[in-house]
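The values are calculated or read from the model by the stated rules, or taken from the named source; none is laboratory data. Predicted model only: the values in this text are computed from it and were never measured. Every residue, glycine as well, gets a Cβ built from its backbone with ideal geometry; the counts of neighbours run over all protein chains shown. Protein only, heavy atoms only, side chains kept; ligands, DNA and RNA dropped before computing areas. Shrake-Rupley method; radii C 1.70, N 1.55, O 1.52, S 1.80 Å.
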Amino acid sequence: MHPYEQSKRQEHLHESIYDFFASLKEPRVERARELRREVRSIHKWARREKIQAEEVSGIMALRINPMTGRREVLLVRGITKGKLKEFYQFPGGFLRDGEGPVTALHREIGEELKATVPRNVSYERTYAPELKPGSKKALVVHAFKIEHCNWEKPDANGNVPEGKIPVTLGDDVNEMIWTDKPFEHDDGTPRILTAQVDYMLRYHLGFVGPDNKNTPREGYDGMPWRS
């Protein structure tokens, strides 16, 4: 390996280690060790089953609607092509080579919403893998959370309510919504979610709603997707 490439790889490694510590609450050292243990166990499972593990860094953004007093969650719909184009999910995306979860999160939010991740973002947990349908790849999701998020998409005139931060949808995002009913559209028809987002909404964020037969329910070997 060229010395310059080796130096850059070391910089990425140091950045990844810094990301782990910078994103964790107190006590930082113990939380970092816990996160690493989880990821190692997932990778061992993937190697044993000859499955390639892909890591995703996603953000759960929440706010209270001042008009209704109800809690809302931010969902985006992408990708412009492929099987996931009709699925709603949290903003975020795959880690690139040498990236830590926090670095990937900042990059993905910049690409998808042209926004900056605020300082009050907190690491929540790492979720166990979900095997992609028809694939030998499993998703490992690092979840972060923003309470009282003030991102808003401008209206047709380019305006946003006072106190809100305008965002611009990236090329791979078709829609952005704030909703207190994430499992269904305004007209009552079911909303298609990814399996991990459905799980987080129900069992971690406490949202209640009807099942959708088009939302994947099971992960590898019939086991439910879980944390």
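When ALA128 is tested against the conditions (1) within 20 Å of HIS43 (Cα to Cα); (2) at pLDDT below 90; (3) open to solvent by 40 Å² or more (accessible area, probe 1.4 Å); (4) not charged (D, E, K, R), the lone failure is (3). Counting only strands (runs of 3 or more DSSP E) wholly contained in the range 38-122, the ones carrying 1 or more residues that are open to solvent by 20 Å² or more (accessible area, probe 1.4 Å), more than 16 Å from LYS137 (Cβ to Cβ) and not polar (S, T, N, Q) occupy 52-64, 71-77. Between LYS145, LYS164, LYS181, LYS136, the distinction of being within 30 Å of ARG36 (Cα to Cα) and open to solvent by 40 Å² or more (accessible area, probe 1.4 Å) belongs to LYS136 only. Restricting attention to the range 167-184 and to residues that are among the hydrophobic types (A, V, I, L, M, F, W, C) and in a loop (DSSP other than H, G, I, E, B), the residue that is farthest from PRO216 (Cα to Cα) turns out to be VAL167. Under the condition of being buried (at least 20 other Cβ atoms within 10 Å of the Cβ) and part of a loop (DSSP other than H, G, I, E, B), the residues counted in the range 148-158 number 1. Look at (1) modelled with pLDDT of 90 or more; (2) among the charged types (D, E, K, R); (3) assigned to a helix (DSSP H, G or I) and you find that ASP187 fails only one, number (3).
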